[in-house]
Amino acid sequence: MEKRFVYADNAATTRVSDEVVAAMLPYFTEYYGNPSAVYGFAGKAKTAIENARAQVATALGATPGEIYFVSCGTEADNWALKGTARMLAEKGRHIISTPFEHHAILHSLNTLEKEGFEVTYLPVYDNGRVRVEDLKAAIRPDTILVSVMFANNEIGTIQPIAEIGAVCRERGILFHTDAVQAIGHVPVDVQAMNIDMLSLSGHKFHAPKGIGAMYLRKGVGIPNFMDGGGQEKKRRAGTENVPYIVGLGKAIEIATQKLPEESKRVAALRDRLMDGLLERIPDIKINGDRENRLPGNVNVSIKYVEGESLLMMLDMQGVCAASGSACTSGSLDPSHVLMAIGLDHATAHGSLRFSFADYSTQEDIDYILEVLPPIVEKLRAMSPLAK
Amino acid sequence: MYSEKVMDHFTNPRNVGEIADANAVGEVGNPTCGDIMRIYMKIEDGVITDVKFKTFGCGAAVATSSMATEMVKGKTIAEALALTNKAVAEALDGLPPIKMHCSVLAEDAIKAALIDYYKRQGIDPKPIVGFDSVAEMECCHGDLHEGCQHA
Ligand SMILES: Cc1ncc(COP(=O)(O)O)c(C=O)c1O
Ligand SMILES: [Zn+2]
């Protein structure tokens with residue numbers, strides 16, 4: 001078998017598409033004016049930003065006035081949580097979230113906890129999904145915010161966002177969702193789903209790293225996170241990153257157009273890999289619900305072997321993947337996501353995540369199915385845990 | 001991130017396996033820490049004539065297991081007891097700082113096997129190895145095993 005390069009880590013980041021690069025390029029060298037300037041030359045940049053804003057709004061079912069460009073998904077998460085907390089601290093100090101959010105959310109919540117806010121972390125069960133009954137039971141008179149991720153970055157499980165949104169709307173509680181992993185891969189509609197705030201990040205759908213957007217429903221007046229000039233209608237200061245904003249707009253437009261077909265194609269790749277692995281490797285377990293799952297996510301625990309060793313051997317075969325093992329995180333603890341869905345330590349240490357997107361092919365899947373079983377066999381032969 | 005030597009020992013680990021008639025067996029680590037090593041030794045007249053290992057762990061854990069078994073094979077018990085995790089790491093041309101805790105595994109496993117060796121013969125291992133049991137030994141690496149449930 002010929003060695004291939006297989007990029008199966010699209011949940012970490014994606015390749016920027018050629019169309020996106022082409023759309024961005026003129027804004028580096030031709031239309032480089034500062035969008036805030038008065039002269040006509042800057043108008044091109046200004047128009048490009050507003051065009052991108054409309055593209056993002058269309059993708060989300062929002063109006064352009066509700067979209068703010070930010071530096072990354074992390075910034076949007078910080079802004080939404082800390083902004084809401086500051087705005088509503090007088091009204092209440094209780095927040096509801098989940099234990100398997102991205103660290104951009106979890107660490108923001110930790111900061112708020114230190115400031116006296118109280119956070120309820122809803123259970124996510126072994127299928128990696130929040131239950132709406134638990135949310136209803138957790139709501140208190142002083143609950144000011146619910147933040148539940150749209151889809152989990154490690155195990156790919158999609159949360160019951162529309163149901164959560166409906167409950168929050170009925171109880172008059174603001175609802176934020178970190179949709180960084182979902183945008184461009186599953187349909188999102190802020191109106192139908194009653195979402196008040198949403199974070200997204202370009203590099204998860206073939207736009208560059210370091211550009212994101214925040215959807216803020218009209219009337220949600222959270223205070224600014226970045227103080228400075230009057231950009232983004234005085235809501236987010238800093239000279240706009242015009243080429244990247246253009247790239248984000250282009251990428252979300254393409255992703256939205258392609259979504260109905262592309263999500264089916266990628267889901268078929270995902271299922272081929274999951275079924276193929278279950279067939280070829282004994283003592284493995286798929287992590288996370290199989291139905292309510294991102295089209296591009298496969299997360300599997302391979303018993304008796306350790307994740308970093310698996311990743312290193314996959315890398316030697318040209319395959320890029322990820323693991324929830326402690327030895328890949330630089331800490332002694334395995335992934336908080338895998339702990340939250342109740343895996344024991346050894347099983348969590350032996351987890352692998354493969355994630356696929358636009359450039360993934362069936363050849364990639366078949367190659368992984370070829371190279372992984374002998375790697376597992378070799379490591380199990382070396383393992384004191386294997387029977 | 002790893003040296004060529006580490007990659008070599010990870011890809012082609014030496015002395016993997018078990019010894020059916022081993023007279024010294026030691027196991028250290030804990031799934032909580034991520035790495036587990038079991039070592040088998042055949043000791044004759046105070047010399048380690050054969051040694052094999054099995055390791056569940058990251059690249060650094062596998063490579064240090066492999067290197068440590070090479071370094072004690074054919075050596076006396078006294079020489080094996082003098083082997084430090086630092087010496088193993090150096091023999092591998094170094095390990096990334098965050099991986100040093102993985103290399104403690106090999107040093108501990110050798111000591112654990114020797115504790116077992118003396119216990120089997122009804123000899124108190126403490127004056128020779130320095131420890132009575134694996135648990136006592138691991139707790140002495142408090143700084144390195146930080147975060148371990150059992151430390
Ligand atoms: C769910 C989730 N939220 C937030 C982020 C952070 O996004 P960014 O890398 O743009 O800061 C990521 C990606 O790393 C993510 O997967
Ligand atoms: Zn390790």
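Coordinate-derived values only; no laboratory data. Note that the structure is a prediction, hence the values are computed from the model and not measured. Backbone-built Cβ (ideal geometry, glycine too); neighbour counts: all protein chains shown.
Tabulated data for the structure shown
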{"read-out": "Hits in region B:29-65 - residues which are more than 13 Å from residue B:113 (Cβ to Cβ), in contact with a Ser or Thr (Cβ under 6 Å, 6 or more places away or on another chain) and surrounded by fewer than 24 Cβ atoms within 10 Å (Cβ to Cβ)", "value": "B:46, B:47"}
{"read-out": "Total residues in region A:278-299, condition outside any loop (DSSP other than H, G, I, E, B), surrounded by fewer than 23 Cβ atoms within 10 Å (Cβ to Cβ) and in contact (Cβ under 8 Å) with a residue 12 or more places away in the chain", "value": "4"}
{"read-out": "Condition met for residue A:386 (among the hydrophobic types (A, V, I, L, M, F, W, C) and in a helix (DSSP H, G or I))", "value": "no"}
{"read-out": "Filter result for residue A:347 (surrounded by fewer than 24 Cβ atoms within 10 Å (Cβ to Cβ), within 14 Å of chain B (Cβ to nearest Cβ) and either within 25 Å of the chain's Cα centre (by Cα) or at positive phi (or both))", "value": "yes"}
{"read-out": "Count of region A:221-267 residues which are exposed (fewer than 13 other Cβ atoms within 10 Å of the Cβ), within 23 Å of the chain's Cα centre (by Cα) and touching a residue at least 24 places away in the same chain (Cβ under 8 Å)", "value": "1"}
{"read-out": "Residues of region A:19-59 classified as in contact with a His (Cβ under 8 Å, 6 or more places away or on another chain) and either loosely packed, with under 15 Cβ neighbours inside 10 Å or farther than 29 Å from residue A:183 by Cα (or both), total", "value": "0"}
{"read-out": "Qualifying residue in region A:87-109 (condition: at positive phi, surrounded by fewer than 16 Cβ atoms within 10 Å (Cβ to Cβ), away from chain B (no Cβ under 14 Å) and more than 16 Å from ligand 2 (Cβ to nearest atom))", "value": "no"}
{"read-out": "Subset of region A:176-226 [outside any loop (DSSP other than H, G, I, E, B), within 16 Å of ligand 1 (Cβ to nearest atom) and hydrophobic (A, V, I, L, M, F, W, C)]", "value": "A:197, A:198, A:200, A:213, A:214"}
{"read-out": "Per-region count, region A:56-78, residues closer than 17 Å to residue A:191 by Cβ and either within 15 Å of ligand 1 (Cβ to nearest atom) or in a helix (DSSP H, G or I) (or both)", "value": "8"}
{"read-out": "Residue B:112 more than 10 Å from the chain's Cα centre (by Cα) and over 18 Å from residue B:21 (Cβ atoms)", "value": "no"}
{"read-out": "Which numbered condition residue B:42 fails, given (1) in a loop (DSSP other than H, G, I, E, B); (2) basic (Lys, Arg); (3) under 22 Å from residue B:131 (Cα atoms)", "value": "(1)"}
{"read-out": "Matching helices (runs of 4 or more DSSP H) fully within region B:47-103 where at least 3 residues are within 16 Å of ligand 2 (Cβ to nearest atom)", "value": "B:59-72, B:85-91"}
{"read-out": "Residue pairs meeting the criteria (Cβ under 6 Å; at least 6 apart or on separate chains; first without any contact (Cβ under 8 Å) to a residue 24 or more places away in the chain and farther than 12 Å from residue A:202 by Cβ, in region A:51-80; second within 16 Å of ligand 1 (Cβ to nearest atom) and of a type in the set (Gly, Ala, Ser))", "value": "none"}
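Results for (1) within 25 Å of residue B:18 (Cα to Cα); (2) among the basic types (Lys, Arg); (3) in contact with an Asp or Glu (Cβ under 7 Å, 6 or more places away or on another chain); (4) more than 16 Å from ligand 2 (Cβ to nearest atom), shown as yes or no for each residue.
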position	(1), (2), (3), (4)
A:315	no, no, no, yes
A:341	no, no, yes, yes
A:356	no, no, no, yes
A:367	no, no, no, yes
A:375	yes, no, no, yes
A:384	yes, no, yes, no
